[in-house]
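First comes the structure, then the notes that go with it.
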Amino acid sequence: MTESTEESFRVAYDLAVVGLGYVGMPLLREAVGAGLRIVGIDTDAARVEMLNSGRSYIDDISADDIGEMLAAGFTATTDPSLLARSAAIVICVPTPLNDDHAPDLSAVRSAARMVASYLMPGTLVALESTTYPGTTEEVVRPILEESGLVAGRDFSLVYSPERIDPGNDEYGLRNTPKIVGGLTESCRDRAAALYGKIVSKVVLTSGLREAEMAKLLENTYRNVNIALVNEMAIFCDELGIDLWETIEAAATKPFGFHKFLPGPGVGGHCIPVDPSYLSHTVRKLGYAFRLAETAQEINGRMPKYVVSRLQRALNRERKSVNGARVMLLGVTYKSDIADDRETPALPLARELRKLGAELCFADPYVRSWAVDGVPVPAVEAPLQAVGDCDAVVLLQAHSAFDLKAIAQRARLVLDTRGLMARHQNVERL
Ligand code: SAJ
């Protein structure tokens with residue numbers, strides 16, 4: 001067989017994705033929609049089984065989506081050997097923080113080792129996991145080159161940050177510009193050709209690090225600006241200034257201002273995590289990324305601040321937190337999604353329990369919830385139950401909540417989202 005025949009025989013897939021989560025699955029969905037031959041690899045056999053039986057565990061991917069993907073030839077597998085038969089491999093695995101709040105690249109490393117075991121000449125490898133500048137070249141590249149192949153010569157190596165916003169109905173993979181940086185220009189341009197089939201706009205950077213840094217800038221920008229309004233919420237309350245109204249007024253400025261709102265703390269696997277990846281890199285230079293670290297401290301302090309505001313509100317009713325029946329409305333990390341990673345509801349509940357509160361929660365996306373292994377009673381119909389509580393704390397304003405009716409029936413509401421009209425029983429952060 002000629003080389004091209006051999007190559008065409010070897011290549012059964014245009015795209016293999018390693019990591020079938022909220023990033024990998026939308027990528028596969030768009031790829032199969034673009035007519036690409038795809039395969040998904042995951043180490044979690046239960047996830048693989050669910051996908052192959054047409055079920056979804058991703059907020060933004062329906063069972064119908066999975067069915068269409070399967071009908072178009074998609075399969076999920078735990079067998080990494082199929083990587084040897086794919087022209088391109090994209091790694092979409094989690095990059096959390098470890099217990100010391102330092103970057104945890106264990107999933108990236110193990111995915112890279114998996115890829116290296118089956119890496120064939122001519123393959124394009126892309127990392128999409130959010131990480132600190134230098135990861136692709138200094139961590140992933142050496143692992144891949146354990147295959148004996150040389151990056152930039154025998155295979156292409158790029159970084160393209162994932163920009164999936166869970167629950168965002170307006171912006172998805174296809175209509176969000178995709179940044180691509182390569183080890184070499186030819187690596188980059190090869191990836192741009194592939195991504196160009198899947199997304200409407202590809203944005204090229206001169207190198208891997210600029211692409212890695214762009215994502216961290218995006219999310220550190222968010223974290224810092226959320227911290228700004230969170231810190232302002234604390235002193236505006238003491239100054240007797242309505243910050244919510246202030247922000248709405250400032251947001252009328254058609255340029256140079258982007259609205260952020262205070263809240264009970266910053267959750268999710270992106271915003272509270274990504275800036276720490278950048279701080280970690282800067283500290284290698286011998287000094288701190290002060291703005292990012294201060295923002296983390298301010299945002300991390302909000303759950304305790306919410307407790308102090310609840311204490312003050314209960315005291316006005318001559319009640320203490322100790323023994324108070326408190327309902328938490330919304331325990332996920334943001335409204336209208338089921339993800340509860342890094343949710344501020346957890347430290348808040350922990351603190352309230354320490355003070356002796358009797359907790360319950362209501363969240364249409366969460367059937368059962370435990371804090372430090374101790375279940376928190378779930379309330380199916382909050383409207384019927386708020387009257388029996390001493391206080392209700394609105395944390396995530398899921399659309400399913402009838403906030404007006406809750407405000408009318410509750411004895412006391414602490415609204416951390418500024419969505420309820422102020423009333424003698426409704427206090428806003
Ligand atoms: N939050 C506030 N105030 C705000 C905005 C957010 O307290 O003004 C809180 C939320 O309640 C949540 C946390 O911050 O607990 C994160 O919220 P988020 O809206 O940033 O949502 P995420 O974490 O899903 O962030 C994703 C990110 N997407 C990617 O990393 C690809 C982020 O870059 C997006 O900008 C963000 O969605 C978005 O715009 O919704």
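General observations
- Some residue of the stretch 373-393 being at pLDDT 95 or above, exposed (fewer than 12 other Cβ atoms within 10 Å of the Cβ), on the phi > 0 side of the Ramachandran plot and of a type outside the set (S, T, N, Q): yes
- Pick from the stretch 46-100, criterion among the basic types (K, R) and either in contact with a Lys or Arg (Cβ under 6 Å, 6 or more places away or on another chain) or in a helix (DSSP H, G or I) (or both), ranking: nearest to V180 (Cα to Cα): R85
- Qualifying residue in the stretch 317-334 (condition: open to solvent by 50 Å² or more (accessible area, probe 1.4 Å) and within 25 Å of Y221 (Cα to Cα)): yes
- Of all residues in the stretch 389-403, those satisfying the criterion of being assigned to a loop (DSSP other than H, G, I, E, B) and not charged (D, E, K, R) are C389, L395, Q396, A397, H398, S399, A400, F401.
- The residues listed here are P177, P166, P161; of these, the one that is touching a residue at least 60 places away in the same chain (Cβ under 8 Å) and of a type outside the set (A, V, I, L, M) is P166.
- From the options A345, A338, residue that is surrounded by fewer than 20 Cβ atoms within 10 Å (Cβ to Cβ) and within 16 Å of the ligand (Cβ to nearest atom): A338
- Residues located in the stretch 410-424, provided they are at pLDDT below 95 and not hydrophobic (A, V, I, L, M, F, W, C): R422, H423, Q424
- Among the residues making up the stretch 229-260, a single one is of a type in the set (S, T, N, Q), surrounded by 13 or more Cβ atoms within 10 Å (Cβ to Cβ) and free of Cβ contacts under 8 Å to residues at least 40 places away in the same chain: T246.
- Selected residue (criterion: nearest to the ligand (Cβ to nearest atom)) from residues of the stretch 151-168 that are among the small types (G, A, S) and not in a loop (DSSP other than H, G, I, E, B): S156
- Residue in the stretch 200-221 that is of a type in the set (F, W, Y), at pLDDT 95 or above and within 14 Å of the ligand (Cβ to nearest atom) present: yes
- Tally, over the stretch 180-198, of residues that are surrounded by fewer than 23 Cβ atoms within 10 Å (Cβ to Cβ) and either modelled with pLDDT under 95 or out of contact with any Asp or Glu (no Cβ under 6 Å at 6 or more places or on another chain) (or both): 10
- Enumerated helices (runs of 4 or more DSSP H) restricted to the stretch 231-345, each holding at least 2 residues that are more than 19 Å from the chain's Cα centre (by Cα) and within 30 Å of S368 (Cβ to Cβ): 290-316
- Those residues of the stretch 321-370 which are of a type in the set (A, V, I, L, M) and out of contact with any strand residue (DSSP E or B) (no Cβ under 8 Å at 6 or more places or on another chain), in sequence order: V321, I337, A338, L355
- Here S160, S129, S156 are screened, and the one residue that is in contact with a Lys or Arg (Cβ under 8 Å, 6 or more places away or on another chain) and open to solvent by less than 10 Å² (accessible area, probe 1.4 Å) is S160.
- Residues of the stretch 318-374 classified as within 21 Å of G387 (Cα to Cα) and among the β-branched types (V, I, T), total: 3
The values are calculated or read from the model by the stated rules, or taken from the named source; none is laboratory data. The structure presented is a predicted model; accordingly, all values stated were derived computationally and were not measured. In this analysis, Cβ positions are derived from the backbone assuming ideal geometry, glycine residues included, and neighbour counts consider all displayed protein chains. The protein model used for the area step is the full one, side chains on, heavy atoms only, and it has no ligands, DNA or RNA in it. Shrake-Rupley method; radii C 1.70, N 1.55, O 1.52, S 1.80 Å.
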